Structures are given as structure tokens and as C-alpha cells.
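To keep things clear, I will list the structure first and then write my remarks on it.
The values are calculated or read from the model by the stated rules, or taken from the named source; none is laboratory data. It should be emphasised that the depicted structure is a prediction, and the values quoted were computed from it without experimental measurement. Neighbour counts are summed over all protein chains in view; Cβ atoms, including those assigned to glycine, are modelled from backbone coordinates with ideal geometry. Keep in mind that these areas ignore ligands, DNA and RNA; they rest on the heavy atoms of the full protein, side chains included. Shrake-Rupley method; radii C 1.70, N 1.55, O 1.52, S 1.80 Å.
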Amino acid sequence: MHFKLGCTLSYEAWDRALFFFNVQAAGNESQTVIEESLTIDPPQTIETYVMPETGNRCLRFETGPGPLTLRYEAIVDHHPLRLDATDIGETDAAVLPPRVLPYLIPSRYCEADRLAHLANIEFGAMARGHDRVTGICNWIYGQLGYISGSSDLHTSTLDTLVDRAGVCRDFAHLGIALCRALGIPARYVSVYAWRLRPQDFHAVFEAYLGGRWYLFDPTRQAAIEGLVRIGVGRDAAEVAFANFIGPVEPGDMSVHIAPLDPPDWYVPTIDAVSVSAH
């Protein structure tokens with residue numbers, strides 16, 4: 001399916017400030033960027049780079065003082081791989097590729113080392129594989145309330161468990177931490193999300209199973225086959241859509257994604273699995 005997507009982000013810099021953005025759609029085996037445009041008002045000299053470990057497409061520039069608006073538009077051919085979920089097993093840690101190993105380690109927002117007992121009580125007896133990660137997502141969906149404004153940039157997985165509420169980043173962090181506690185590599189994924197209401201940048205996670213990365217969304221807020229990847233990292237600290245150093249006040253923000261192809265054929269199934277590279 002072809003998607004038209006993008007965002008508009010506005011800021012006010014009160015002095016010179018350094019901006020970092022990660023909003024461009026990634027290119028990988030499940031999605032191809034057909035065309036895109038990036039404009040910044042007022043115009044800036046931009047440094048762009050692709051992170052070799054993840055394929056995240058980043059840009060930075062210094063500007064200010066004054067207002068700043070970034071606009072990004074793209075058309076992406078999204079073609080996720082569809083597999084039978086029951087055939088997807090887990091990969092033993094001893095044979096994991098070295099590039100995957102960092103996604104077993106606790107990180108700032110995902111205290112996997114604190115959740116081993118809980119994870120084994122709730123999921124230790126489940127058959128190992130894709131179905132167990134789906135079971136983790138089902139448990140999160142049943143345990144947490146999806147409540148806007150219930151968390152902030154300091155909220156970690158342990159906070160979310162105490163509060164029993166969060167937003168997409170918190171659901172993703174808890175899924176990641178529980179997977180890692182069971183020895184399943186997992187990482188945070190920022191996406192443009194078809195059928196998400198209201199539209200915003202969305203957070204999901206990937207688990208490494210059977211030699212590939214597979215997408216999961218414990219929020220059930222969007223169509224799993226309509227998740228167009230932006231970036232990946234150990235947790236949200238590594239995949240923010242915007243960061244800045246200096247006195248900056250965020251302004252209006254809008255995000256959009258819609259199919260260009262007639263979506264009448266789309267019928268979600270429990271066997272549909274989205275796969276990404278890197």
C-alpha cells in the first residue's frame with residue numbers, strides 16, 4: 001500500500017539553539033520512500049546523517065533567535081511481510097547476532113532487570129515465540145489504561161506499572177522491558193500510524209524472533225500493517241522526533257498519514273506480521 005504522510009513542527013527559539021530531528025520515513029525491506037520533501041522556514045544549512053546501526057535518518061542545524069517551522073512530506077510504498085505467527089519462534093541468546101545484543105540490556109526507560117520475577121510469573125509458562133510476545137501485548141492492554149497526559153518524559157516502566165496508565169511510549173516501554181526480562185531482544189520504534197486517532201507520532205516496539213524483527217503494538221490504537229517506520233532505538237531517549245539545545249519553546253504540531261491506494265482490500269488478520277531490516 002502507498003501512503004502519503006508527513007508532519008509540520010513549529011518552534012520559537014529565544015536565542016541561538018541547536019536542533020536535531022528524526023522525522024523522515026526509513027528505507028528498509030518493508031518500505032520504500034518513493035518521493036519526499038523537507039522544508040525549513042527560515043531556510044537553514046542542514047547536516048544530514050544516517051545512523052549505521054539502525055538506519056535512522058537524522059538531521060541537525062543551528063539557528064535562532066526567532067520562529068522556526070519544519071515541514072516534511074513523503075510518499076512511501078509500504079509492503080510488510082505476512083507470515084503465519086504460529087511458526088515464529090524465539091532465538092537463543094547464544095546465537096544472537098552481536099548487533100542485536102544491546103536490545104537485551106536494561107536501558108533508561110526499560111528496567112528489564114527489575115521485571116524478571118514478574119515476567120516469569122506471567123509469561124514463563126507460555127510457549128516460546130511470537131505468540132508469547134502477543135501474550136505480553138494482551139496483558140499490557142488489559143492492565144493499563146490509555147490516558148493522554150498520564151505520563152511525561154521522566155516516566156519509566158516501573159512508574160507505568162505503579163500508575164497502571166500511560167500513552168503509547170509507556171505501553172511500548174513496558175513491552176520492551178518484559179521481553180528483555182524473558183531473554184527476547186526488543187527495541188523501541190517510532191512510526192507514522194495509519195488509523196491512529198487523533199493523529200500523532202506513534203510508538204510501538206519490535207521483538208527479535210526467528211532471526212528477524214517483528215512489530216507489535218500493545219495499544220491497539222492503529223492498524224499494524226499501517227505502521228510506517230521512522231526510527232528505532234533502545235527506548236524513547238534514542239528515537240525522539242525532535243531534540244534541541246538552547247532556549248526553545250515548542251509550538252503547534254501536526255502529523256498525518258493516509259493511503260493513496262483504495263484500502264477496501266485491507267482485512268486485518270492475526271497472522272499479519274510486519275518485518276523491518278537493520
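Report yes if some residue within segment 99-107 is in a helix (DSSP H, G or I), over 19 Å from L215 (Cα atoms), touching a residue at least 24 places away in the same chain (Cβ under 8 Å) and not small (G, A, S); otherwise report no. No, segment 99-107 contains no residue that is in a helix (DSSP H, G or I), over 19 Å from L215 (Cα atoms), touching a residue at least 24 places away in the same chain (Cβ under 8 Å) and not small (G, A, S).
Taking the listed residues L178, L215, L174, L227, the one that is aliphatic (A, V, I, L, M), open to solvent by less than 10 Å² (accessible area, probe 1.4 Å) and under 23 Å from H79 (Cα atoms) is L227, with no other qualifying. For segment 124-132, indicate whether the set of residues that are free of Cβ contacts under 8 Å to residues at least 40 places away in the same chain, over 22 Å from W213 (Cα atoms) and either in a loop (DSSP other than H, G, I, E, B) or more than 16 Å from the chain's Cα centre (by Cα) (or both) is non-empty. Yes, some residue in segment 124-132 is free of Cβ contacts under 8 Å to residues at least 40 places away in the same chain, over 22 Å from W213 (Cα atoms) and either in a loop (DSSP other than H, G, I, E, B) or more than 16 Å from the chain's Cα centre (by Cα) (or both).
Tell me, yes or no, whether segment 72-89 has at least one residue that is open to solvent by 10 Å² or more (accessible area, probe 1.4 Å), modelled with pLDDT of 95 or more and in a loop (DSSP other than H, G, I, E, B). The answer is no; no qualifying residue exists.
If you check L101, L115 for being surrounded by 18 or more Cβ atoms within 10 Å (Cβ to Cβ) and not basic (K, R), only one passes: L115. Take the conditions (1) within 17 Å of A186 (Cα to Cα); (2) at pLDDT 95 or above; (3) open to solvent by 20 Å² or more (accessible area, probe 1.4 Å); Y109 misses just one of them, which is (3).
Here P67 fulfils each of the conditions (1) touching a residue at least 60 places away in the same chain (Cβ under 8 Å); (2) open to solvent by 70 Å² or more (accessible area, probe 1.4 Å); (3) under 18 Å from the mean Cα position of the chain (by Cα) apart from (3).
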